[in-house]
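Worksheet for the structure shown next.
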Amino acid sequence: RRNRSFRTAMGLCMQHQLTPMHRYWADFTEQYKVRYVLWAFGTHKDDCEFIPYWKKGNPFSVSDGFIIGAYKRGTSTLFMVTNLGKAGTAEMKFDRKALGLAENTVLTDVMTREKFPDGRFSVPECEFRMLFAGPEEFGAMLEPPEPDMGFIIK
């Protein structure tokens with residue numbers, strides 16, 4: 001139950017550039033994976049722009065019941081889609097040209113490597129998905145390795 005509540009909190013925290021890291025939240029696995037993706041994408045670098053869900057005129061949108069924020073860096077974008085309620089299917093649209101993406105760019109879930117060419121994907125109740133759009137080689141580097149709990153605890 002703690003891991004589940006952590007993922008709910010993490011989905012909302014990411015939308016506000018927050019990443020809680022306290023061990024009491026869960027077994028640390030989920031925090032590790034999410035932080036790895038954010039670090040590997042380069043959210044800490046000067047050339048990375050955070051685009052919050054509340055900003056007007058974003059070049060992306062998602063269906064009702066979800067919020068979407070993004071990090072943009074060069075020719076890549078990392079979207080964070082958070083479900084605000086019951087499990088459902090999200091429909092996401094994004095302007096490839098405005099984001100500097102190739103016309104044939106397909107959304108890829110960084111955790112599961114699923115592809116969503118039509119921008120439709122399911123999101124469990126009060127959960128989130130991290131979706132990558134950009135060069136395939138760069139996106140493949142975002143997949144987090146399995147956490148080494150022995151090392152983390154030391």
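The values are calculated or read from the model by the stated rules, or taken from the named source; none is laboratory data. Being a predicted model, the structure only gives us computed values, none of them experimental. Don't worry about glycine lacking a Cβ; one is built from the backbone with ideal geometry, like all the others, and counts go over all protein chains shown. The area values use the complete protein model at the heavy-atom level, side chains included, leaving out ligands, DNA and RNA. Shrake-Rupley method; radii C 1.70, N 1.55, O 1.52, S 1.80 Å.
Tabulated data
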quantity	calculated
Residues satisfying the stated conditions in the range 66-79, i.e. open to solvent by less than 40 Å² (accessible area, probe 1.4 Å) and either in contact with a helix residue (DSSP H, G or I) (Cβ under 9 Å, 6 or more places away or on another chain) or free of Cβ contacts under 8 Å to residues at least 40 places away in the same chain (or both)	Ile67, Ile68, Gly69, Ala70, Tyr71, Lys72, Ser76, Thr77, Leu78
Condition broken by Gly134, with the remaining ones in (1) under 14 Å from the mean Cα position of the chain (by Cα); (2) on the phi < 0 side of the Ramachandran plot satisfied	(2)
Selection count where residues are within 14 Å of Tyr53 (Cβ to Cβ), part of a strand (DSSP E or B) and hydroxyl-bearing (Ser, Thr, Tyr), scope the range 63-76	1
